[in-house]
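Worksheet: the structure to be examined is printed underneath.
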Amino acid sequence: IYEERRVNSIYYDTNQFFYAREHLEGANSRLKCRVRFYGNIKELNHPFLEFKLKRGSVGNKYKIPLKKNDILRCNNFLKFIPKRDLRIKNLDQDIISFLHPKLFITYLRTYYLSKCMNYRFTFDREIKFYLIENSFLKFSNIFKYNSYKFENNIIEIKYENQFDNGAYTFINKLPFRLTDCSKYIMGLRKFGIVR
């Protein structure tokens with residue numbers, strides 16, 4: 001349904017990996033903070049800040065456009081966000097002020113839509129993780145750090161709550177193992193940051 005493209009994300013967390021631990025502990029309400037952009041990994045075209053909030057099985061995303069030069073010249077892009085932005089005013093501002101870049105993830109993504117138009121699928125491959133070991137690095141230095149190429153591919157299914165029952169009907173017929181999948185957590189595990 002869309003052209004294949006490369007998806008790039010810089011994940012932010014506290015130095016104690018607060019968001020990662022929330023996920024691992026199964027917190028009902030979880031947050032992820034990342035900068036996302038598409039295309040060549042070194043060009044950083046049209047980046048945006050994204051807060052991904054999940055309550056139970058329902059997720060919402062809040063996107064805020066960023067300026068490429070702000071990210072290139074400053075490691076802590078958060079200071080460029082208007083504090084009164086309605087999309088983030090309800091988030092924990094104390095935690096946000098302690099966020100630093102922790103992991104860069106890049107992969108190729110292909111997009112599909114079911115014939116009934118209710119279910120979207122993404123197929124991710126050539127997944128690569130870069131561990132960001134210095135909280136104060138410039139963006140261009142990310143690629144000098146440790147990297148890990150993930151050998152498997154990932155298929156994700158996305159749909160509205162009202163189509164939940166129908167999703168399980170055909171998911172059970174697929175020859176794949178269904179799991180909760182967070183690329184951020186997968187990457188941290190590969191580098192031994194979390195278990």
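The values are calculated or read from the model by the stated rules, or taken from the named source; none is laboratory data. Since this is a predicted model, take the numbers as computed values, not measurements. Quick reminder, even Gly has a Cβ in these numbers, built from the backbone with ideal geometry, and neighbours come from all protein chains shown. All accessible areas refer to the heavy atoms of the entire protein, side chains included, with ligands and DNA or RNA removed. Shrake-Rupley method; radii C 1.70, N 1.55, O 1.52, S 1.80 Å.
Annotations for the structure displayed:
- With respect to the conditions (1) open to solvent by 30 Å² or more (accessible area, probe 1.4 Å); (2) under 29 Å from GLU3 (Cα atoms); (3) at pLDDT 90 or above, GLY192 falls short on a single one, namely (2).
- Filter result (of a type in the set (Lys, Arg) and surrounded by fewer than 18 Cβ atoms within 10 Å (Cβ to Cβ)) within segment 174-189: ARG177, ARG189
- Single residue of segment 108-156 satisfying the filter (among the β-branched types (Val, Ile, Thr) and more than 30 Å from GLN16 (Cβ to Cβ)) that is least open to solvent (accessible area, probe 1.4 Å): THR122
- Flag for LEU49 being under 25 Å from GLU156 (Cα atoms), of a type outside the set (Gly, Ala, Ser) and either outside any strand (DSSP E or B) or at pLDDT below 90 (or both): yes
- Close contacts from segment 94-123, counting a first residue that is in contact (Cβ under 8 Å) with a residue 12 or more places away in the chain and a second that is open to solvent by 70 Å² or more (accessible area, probe 1.4 Å) and in a loop (DSSP other than H, G, I, E, B), with Cβ to Cβ under 6 Å and a gap of 6+ residues or different chains, come to THR110/GLU4; TYR111/ILE1; TYR111/TYR2; LEU113/ILE1.
- Evaluating PHE37 against the criteria (1) over 14 Å from the mean Cα position of the chain (by Cα); (2) modelled with pLDDT of 80 or more; (3) surrounded by 17 or more Cβ atoms within 10 Å (Cβ to Cβ) leaves one unmet condition, (1).
- Looking across segment 135-183, just one residue is of a type in the set (Phe, Trp, Tyr), closer than 19 Å to LYS115 by Cα and under 21 Å from the mean Cα position of the chain (by Cα), and that is TYR159.
- Pairs where the first residue, in segment 41-52, is closer than 21 Å to PHE143 by Cβ and the second is small (Gly, Ala, Ser) and open to solvent by 10 Å² or more (accessible area, probe 1.4 Å), C-beta under 9 Å, 6+ apart: LYS42/SER140; ASN45/GLY39; HIS46/GLY39
- Residue in segment 185-195 that is touching a residue at least 40 places away in the same chain (Cβ under 8 Å), in contact with a helix residue (DSSP H, G or I) (Cβ under 9 Å, 6 or more places away or on another chain) and part of a helix (DSSP H, G or I) present: yes
- Scanning segment 176-188 for residues that are modelled with pLDDT of 85 or more and not basic (Lys, Arg) yields SER182, TYR184, ILE185, MET186, GLY187, LEU188.
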